[in-house]
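The values are calculated or read from the model by the stated rules, or taken from the named source; none is laboratory data. Just so we're clear, the structure is a prediction, and the values are computed from it rather than from any experiment. Because the Cβ atoms are built from the backbone with ideal geometry, glycine has one as well, and the counts that use them run over all protein chains shown.
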Amino acid sequence: MIDFDKYSAYALFRLPFADEIRVVCQHDENHADADRMFVMIPFDSSKHKTIKIHPDVEMSIKTELLSTEMRSSCISLNNEEVTYKQSFERFISAIPSRFPKLVLSRSITTDYTGKPIDAFIRACNTYPRTMVYLCHTKENGTWIGSTPEILIAGSKSHYRTVALAGTMTSEGEWSEKNKKEQAIVADYIRNIITPMSSVVEEEGPYTSRAGKLFHLKTEFHFSPLPHIKVSDFVEKLNPTPAVCGLPKEEAKTFIIENEGYDRSYYSGVVGMLDIQGETNLYVNLRCCNVKDDKVTLYAGGGIIPGSTVKSEYLETEEKIKTIQYVL
């Protein structure tokens, strides 16, 4: 196994359905920005800086070479429904008079003495359809996630992104609430990428599975105009309505002022950014942060007209179980 203690920062990630884990390690903290690096972009850049891990050392490991025993969850979660209800009332009162959609999230912090690398390996084995990652820095501790949502992936003249919204615990007929929530995200992405692209093609919406949950998904394939860079799309798309709301900047400000906690890197962006080569960036969902023998787990859901506090809270419970299961 790699001696990660030798490095100031490192990241491991496994793309959906891939048979290898990619590893990026950085020797020291003194690096200028480069065209290629592993990044974690926070939800609120005024509070947190973007994590940038430069590939001083880079390698790939076949997933079958890493194994760990699956076991029952070693953490217990406290019920946070009262606090969530208070936040929900603030959010629903602003819909639809000020916002057609807002995303309300929450976090839970509890003791944790497990090994993050074991949780990462179990997530790779348990969730083949998602992008699974582990990112460690001295300042921010260890982040682990299993996210189904691409922000942007591809290279040169062909990229793709998705509109992912709506949640069910079993496959079936989609409610009008879920269809409307997904359509809001799809419309936003379509309006962003079309003026910046020479070609745009769509697939969906269709049902997509992520772990034990199901979502509505529309996939977009597009070719950037010659003067457009991949970083331009990242700036425009992040944060998407799937994690924020609309209008984007106003919704983001409302969330920061009314959600009641700091999202940190949850609902930001995570993955490999490569200006010249292959980029694979995902929305940082189904994730947790391990630091100082504590773990903080995050989850959220879209609030639109017709949302109820009970159903939305239960949705966040199911999403939290995704990462809780592998800890």
**OP:** Grab the strands (runs of 3 or more DSSP E) fully contained in the stretch 112-190, keeping just those with 1 or more residues being touching a strand residue (DSSP E or B) at 6+ places or on another chain (Cβ under 6 Å) and of a type in the set (D, E, K, R).
**Re:** 158-168
**OP:** Please specify each residue of the stretch 197-218 satisfying the condition of being without any contact (Cβ under 8 Å) to a residue 60 or more places away in the chain and buried (at least 18 other Cβ atoms within 10 Å of the Cβ).
**Re:** SER197, PRO205, PHE214, LEU216, LYS217, THR218
Subject >> Condition broken by LYS52, with the remaining ones in (1) modelled with pLDDT of 90 or more; (2) surrounded by fewer than 13 Cβ atoms within 10 Å (Cβ to Cβ) satisfied >> reply: (2)
Subject >> Residue list for the stretch 302-315, filter: buried (at least 23 other Cβ atoms within 10 Å of the Cβ) and either out of contact with any Phe, Trp or Tyr (no Cβ under 8 Å at 6 or more places or on another chain) or of a type in the set (Ser, Thr, Tyr) (or both) >> reply: GLY302
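Rundown of residues vs (1) out of contact with any helix residue (DSSP H, G or I) (no Cβ under 6 Å at 6 or more places or on another chain); (2) assigned to a strand (DSSP E or B), yes/no style:
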site: ASP232; (1), (2): yes, no
site: GLU250; (1), (2): yes, no
site: PHE254; (1), (2): yes, no
site: GLU257; (1), (2): yes, no
site: TYR261; (1), (2): yes, no
site: LEU273; (1), (2): yes, yes
site: GLY277; (1), (2): yes, no
site: CYS288; (1), (2): no, yes
site: ILE320; (1), (2): yes, no
Original post:
Which is farther than 25 Å from ASN258 by Cα and out of contact with any Cys (no Cβ under 9 Å at 6 or more places or on another chain), of ALA165, ALA153, ALA94, ALA119?
Top reply: ALA153
